[in-house]
Amino acid sequence: MTRNRSRDTSGTPPVTPPGRPDLSFTAFHQMNRPSYVRYAETYLRHRQDAEEAIDSTFEHLLRTWDQVLLTENPAAYAWTIMRNKVTDHARARTRRPPLIDEAAFNTVALRDAVDPIGQITESLALFRALRQLTDRQQDVMVMIYLQSMNAPEAAAVLGMTSATVRSTVRHSLRRLREILGPDRTMEGQR
């Protein structure tokens, strides 16, 4: 992400007026807030908690925006800040570290299941297996499978390339197959 500031004739960059955020931050906020809130809500299970965690994230990012822009990958850096704020928020609410057992009960597979109890058992096993993935793999799988994003959408939010997202999905699925065993796969879970 680059700044969109032009220089005046004296060669000094224009200064953002006090109390008014840098426009690149505003654009970043507008583009990413909805995805961040959906992600946080997946883990925190309550919209208000998710919004509080994301507001805290963007307050932090605004205070440090100049340093964020100097990082190699501002979107990935911001994602890491957001993920840490969501985890901190969950711990502050004395909840166990977040991940998504309850999400198993809201899956499309459960709504369409012939054997709902069997589907719940299967879904819980899957979500437990997801906990064994790396943070990056978990994030990609949540975006692709729980939030129904495509690779380019997830890549933009996570600060990755689409190819990296697709590769991470492949590696995650392979790891999940190893964890769950040969007779259980994620095929058709989309």
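The values are calculated or read from the model by the stated rules, or taken from the named source; none is laboratory data. Quick caveat, the model's predicted, so the values are computed rather than measured. So basically every Cβ, Gly included, is an ideal-geometry build from the backbone, and we count neighbours across all protein chains shown. The area values use the complete protein model at the heavy-atom level, side chains included, leaving out ligands, DNA and RNA. Shrake-Rupley method; radii C 1.70, N 1.55, O 1.52, S 1.80 Å.
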Could you give the semi-axes, largest first, of the ellipsoid that matches segment 33-74, computed as the square roots of 5 times the alpha carbon gyration tensor eigenvalues and rounded to whole Å? 23, 11, 6
Potential extension, Leu69-Ser56 segment - 0.36 nm per residue separation minus Cα distance: 2.8 nm
Exposure of Ile81 as accessible area (Å², to 10), given a probe of 1.4 Å and all protein chains: 30 Å²
In whole angstrom, how long is each semi-axis of the equivalent ellipsoid of segment 127-175, when you take the square root of 5 times every eigenvalue of its Cα gyration tensor and sort them from largest down? 17, 11, 9
Distance in nm between pseudo-label sites at Ile117 and Asp88 (7 Å out along the Cβ direction from Cα): 4.5 nm
Run the 1.4 Å probe and let me know the accessible area of Ser56, rounded to the nearest 10 Å². 40 Å²
For Ser162 and Arg33, FRET efficiency with R0 = 22 Å and r from the beta-carbon atoms, rounded to 0.05? 0.50
